[in-house]
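The values are calculated or read from the model by the stated rules, or taken from the named source; none is laboratory data. Remember, it's a predicted structure, so these values are computed and weren't measured experimentally. As a convention, Cβ positions derive from the backbone with ideal geometry for all residues, glycine included, and neighbour counts pool all protein chains shown.
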């Protein structure tokens, strides 16, 4: 077996944390104790903030890994999982790394948020939010490939009128590590329905909102009513502070980040449950 040390960006819009997790799952299915170490942080491609303190922590572990296998001068490494808590609205906070024996052990509980009432979305768009959170569009507008670097933060009043939106004011902090799960019951006019999700942290005091993560699901069981979709969106480590608002949007058009659907649709969402892996 060839030992692996994989460093992965949590905030990478090109390759999400799902990619190393898929590989690790395949390797562990082949051999339960396959030697693979996973390190997740706000690092990687230039879209990430490239946190120096998180890179420093990764470098220490990687050098020890190489010292053991190439030079025989370091103890055997631990093949566990380390993930950083992404710092967006608390940009100057110190690095916070969580280590556990496995990916699933990073979180200790689940926190659910239920949206009440009917909400609607259509394939009309793109929205201002969609454009402002697309890395390629922003780099093209500014003619600066690094203009998107770090968390995507925009004014809190900016919203997508075409998205089904739910707001959850938080009395206590919420710390997520893992992939959020979205569960919706809906009616659609289309045989092929796009359900794109954006998850936000809204700070009422500063008037700024930060994009925490996003994802998309393609449903092909329409048209019809009382349909259900349950899916994960991209993993991240993130903490909402007490007093902030957790905002979730479901839209049928998250262009230009995701390709817009070729088939128009009107989607009515009867229920939405967001489940976060928390600790």
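Report yes if some residue within segment 153-175 is closer than 30 Å to residue 20 by Cα, under 16 Å from the mean Cα position of the chain (by Cα), surrounded by 17 or more Cβ atoms within 10 Å (Cβ to Cβ) and modelled with pLDDT of 95 or more; otherwise report no. Explain how you work it out, then say what you get.
So the first thing to find is which residues in segment 153-175 are closer than 30 Å to residue 20 by Cα, and the list is 153-154, 173-175.
Then drop every residue that is not under 16 Å from the mean Cα position of the chain (by Cα), which leaves 153, 174-175.
In the following step, the residues that additionally are surrounded by 17 or more Cβ atoms within 10 Å (Cβ to Cβ) were identified as 153, 174-175.
Now narrow it down to the ones that are modelled with pLDDT of 95 or more: 174-175.
The answer is yes, given that some residue of segment 153-175 is closer than 30 Å to residue 20 by Cα, under 16 Å from the mean Cα position of the chain (by Cα), surrounded by 17 or more Cβ atoms within 10 Å (Cβ to Cβ) and modelled with pLDDT of 95 or more.
So, residue 161, is that one over 19 Å from residue 266 (Cβ atoms), part of a loop (DSSP other than H, G, I, E, B) and in the same structural domain as residue 135 (by TED's automatic domain parsing) or not? For residue 161, the condition - over 19 Å from residue 266 (Cβ atoms), part of a loop (DSSP other than H, G, I, E, B) and in the same structural domain as residue 135 (by TED's automatic domain parsing) - is not met.
Going by the structure shown, is residue 125 closer than 24 Å to residue 251 by Cα, touching a strand residue (DSSP E or B) at 6+ places or on another chain (Cβ under 8 Å), at pLDDT below 95 and buried (at least 19 other Cβ atoms within 10 Å of the Cβ)?
Working: closer than 24 Å to residue 251 by Cα: yes; touching a strand residue (DSSP E or B) at 6+ places or on another chain (Cβ under 8 Å): yes; at pLDDT below 95: yes; buried (at least 19 other Cβ atoms within 10 Å of the Cβ): yes.
Taking the combined requirement at face value, the residue satisfies it.
Residues that are in contact with a helix residue (DSSP H, G or I) (Cβ under 8 Å, 6 or more places away or on another chain), outside the structural domain of residue 42 (by TED's automatic domain parsing), on the phi < 0 side of the Ramachandran plot and assigned to a loop (DSSP other than H, G, I, E, B) are absent from segment 201-223. If the condition is being at pLDDT 95 or above, part of a loop (DSSP other than H, G, I, E, B) and touching a helix residue (DSSP H, G or I) at 6+ places or on another chain (Cβ under 7 Å), then segment 1-17 contributes only 3. In the set (1) buried (at least 18 other Cβ atoms within 10 Å of the Cβ); (2) within 21 Å of residue 154 (Cβ to Cβ); (3) modelled with pLDDT of 95 or more, residue 257 fails one condition alone, (3).
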